[in-house]
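What follows draws every value from the coordinates through simple rules; no lab data is involved. Predicted model, so just to flag it, every value in this text is computed and none were measured. Neighbour counts are summed over all protein chains in view; Cβ atoms, including those assigned to glycine, are modelled from backbone coordinates with ideal geometry.
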Amino acid sequence: MARLLERIPVLVRLFALNSRGGNSNIISLLATLVVRLFAGPLVDGTDESESSCRTLMTTSDSPAYGPRKVMAGLLILGAIPSGLPGAITSVGGLYAVRFFIGILGGTFVACQAWTTAFFDTNIVGTANAFAAGWGNSGGGFTFIIMVALYDHLIADGLSQHVAWRAAFAIVPVPVLLTVAVLCLVLGSDHPNGRWADRHRVLRVNEQVSEQAPDSPPTERSSSFDKEKRKQEEVPNLNVDIYVVDESEVTKAVNKKLTLSIALDALSKPLTWLPAFAYMTTFGYELAIDANLANVIFNLYKEDGFGQTKAGYLAATFGLLNIFTRPMGGILGDIVYARYGVPGKKYLTLTCGFLQSALSLAWGLYIDSMTDPSLGVFILLMVLCAIFNEAGNGANFALVPHCNPYSNGSMSGLVGGFGNIGGVIFAVIFRFQPHPIGKPFWIAGILGMGVNLLLTPISVPPR
């Protein structure tokens, strides 16, 4: 939706200065950052017994709404500003609309907490990656669908002034509201039913039911009869007892966030491992999504590339999420079966490092060539996208193993750091636009360094 806003003819004058587009991207990312940080505690809830926590997190005790209600609420709130771009008449209006549309980015936290609650550790990486990957691919689909609708409305005789306003009213608002209603009506909070019942974990073999005899024994019963009755009452069972290598995640159920829990989590390097890794991968993806179309247009406009064609090509980066992010989650579950949590950690960091190395190569290639080959450009773009998005998927295969009793808050923190990375990389693209490849190789060096520094952090075996 952000890329579409930048290509509406009526709004082109608002983006006449590159700084305006860059500033609006940063504002939108900051809005998503704030919402993600607060969405986690809304899922988990905060404990009213911790008054200092209330002061820190919210003005009063926060109940645990659960991921389903948080998801639906954010979709409804985000639907309102999604229909308002037609009212934009100034740069200030553009910034305001971009800020409030950023609310929708908070749905990622509810989504990941929701899937984590429903799936076992052996498959949670795949589940999280499919949900997030298909969600991220929506950025590419949105551009294609809405631009196609806009062109269709123009062909039907509507003016540009009316067509783009109609496109925003026809697509995002009804879709967001429909999905919100489906979540509320058809969704379930937790495998146990309501989110409030999430602590009611079934415990097999912890209780032995005692069956009462049909009739109490009498004093006249012979010892033979008593022995026979005992044999009838107790079934002949052969029980094999063995130790199961069970991870903490298997037993973990989301607890309300207290100050002590929050401080304990923040003091662990394990908390910051996925957060900083996600900053380098998802943050990079956000910046690329916002700037790639302009880069392609500036490089190849003499070859007949208009803004729309450049936008379609740039949308490929996001559309690859359909396959690449799930691939990262699937690989995370595969290495977990053999190597445990350390396998997920090294997969995440390896993907982040290779993405950054390819970004470095991408930028150096652009700057070293007078006329960069479009084929080589696309090849580097696709390779970078594969490792970038697979790294995002692998990361949220790792997150459930980090502070599993506060999964919602952990998802919010990691997701928020993704947006912090988006702001950092957006600032690089904003203030280092020339030569064109410079922000790519700066981002690559930064990402390689961060992922290397995270390598010594230890993780639980399971």
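Would you kindly state how much longer the chain becomes between V91 and N192 on full extension, computed as 0.36 nm times their sequence separation minus their alpha carbon distance, in nm to one decimal? Intermediate values should be presented prior to the final figure.
Numbers: separation 101, 0.36 × 101 = 36.36 nm, distance 4.84 nm.
That works out to 31.5 nm of additional length.
If a/c stays under 1.5 just call it rounded; otherwise compare a/b with b/c (prolate if a/b is bigger, oblate if not). Do that for segment 371-462, with a ≥ b ≥ c from the square roots of the Cα gyration tensor eigenvalues. Walk me through the intermediate numbers first.
On the way: a/c = 2.42, a/b = 1.93, b/c = 1.25.
Verdict is prolate for segment 371-462.
Which of the three applies to segment 402-456, rounded, prolate or oblate, going by the alpha-carbon gyration tensor with a ≥ b ≥ c and a/c under 1.5 meaning rounded? Could the numbers behind the result be given before it?
On the way: a/c = 5.69, a/b = 1.94, b/c = 2.93.
It comes out oblate by the Cα gyration axes.
Could you sort the peptides 90-98, 24-32, 424-432 by per-residue average Cβ neighbour count (10 Å cutoff), highest mean leading?
Per-residue Cβ counts within 10 Å, averaged per peptide and sorted highest first, yield 24-32, 424-432, 90-98.
Would you mind computing the Rg to Rh ratio of segment 268-321 from its alpha-carbon coordinates, Kirkwood style for Rh? Please report the intermediate quantities before stating the final value.
On the way: Rg = 15.4 Å, Rh = 12.6 Å.
When Rh is taken as the Kirkwood radius, the ratio is 1.22.
At R0 = 51 Å, how high is the FRET efficiency between T308 and D120 if r is their beta carbon distance? Nearest 0.05 is fine. Working shown, then result.
Working: r = 45 Å, r/R0 = 0.88.
For R0 = 51 Å, the calculated efficiency reads 0.70.
How are the alpha carbon pair distances in segment 305-357 distributed across 10 Å bins from zero to the largest one, expressed in percent?
The percentages, shortest bin first, are 22, 36, 24, 12, 5.
When a footprinting reagent is the concern and you count Cβ atoms within 10 Å, what order do V171, V376 take, fewest first? Write down the numbers at each step before the final one.
Numbers: V171 19, V376 13.
Least crowded to most crowded, the residues run V376, V171.
When V147, V43 are ordered from fewest to most other Cβ atoms inside 10 Å of their Cβ, what list results? Walk me through the numbers before you get to the answer.
Details: V147 21, V43 29.
Ordered from fewest to most neighbouring Cβ atoms within 10 Å, V147, V43 come out as V147, V43.
State log₁₀ I(q)/I(0) for segment 328-397 at q = 0.18, 0.19, 0.23 Å⁻¹ as given by the Debye formula over alpha-carbon point scatterers of equal weight, solvent excluded.
-0.65, -0.69, -0.86
Is the shape of segment 61-156 best called rounded, prolate or oblate, per the rule: a/c under 1.5 gives rounded, else a/b larger than b/c gives prolate, else oblate, with a ≥ b ≥ c the square roots of the Cα gyration tensor eigenvalues? Walk me through the intermediate numbers first.
Numbers: a/c = 3.20, a/b = 1.58, b/c = 2.03.
Verdict is oblate for segment 61-156.
Fewest first, what order do K344, K69, K301 take by the number of other Cβ atoms within 10 Å?
On the way: K344 29, K69 19, K301 13.
Least crowded to most crowded, the residues run K301, K69, K344.
Considering only C-alpha atoms, what is the centroid distance from segment 88-164 to segment 322-393, in Å?
Computed from Cα coordinates, the inter-centre distance equals 23 Å.
Given R₀ = 60 Å, FRET efficiency for Y346-K301 by Cβ-Cβ distance, to 0.05? All intermediate terms of the calculation are to be shown ahead of the outcome.
Numbers: r = 42 Å, r/R0 = 0.70.
Step by step, r from the Cβ atoms, then E = 0.90.
Along the Cα→Cβ direction, 7 angstrom out, place labels at S159 and L452. What is the inter-label distance in nm?
Taking the two extended label points, one gets 5.8 nm.
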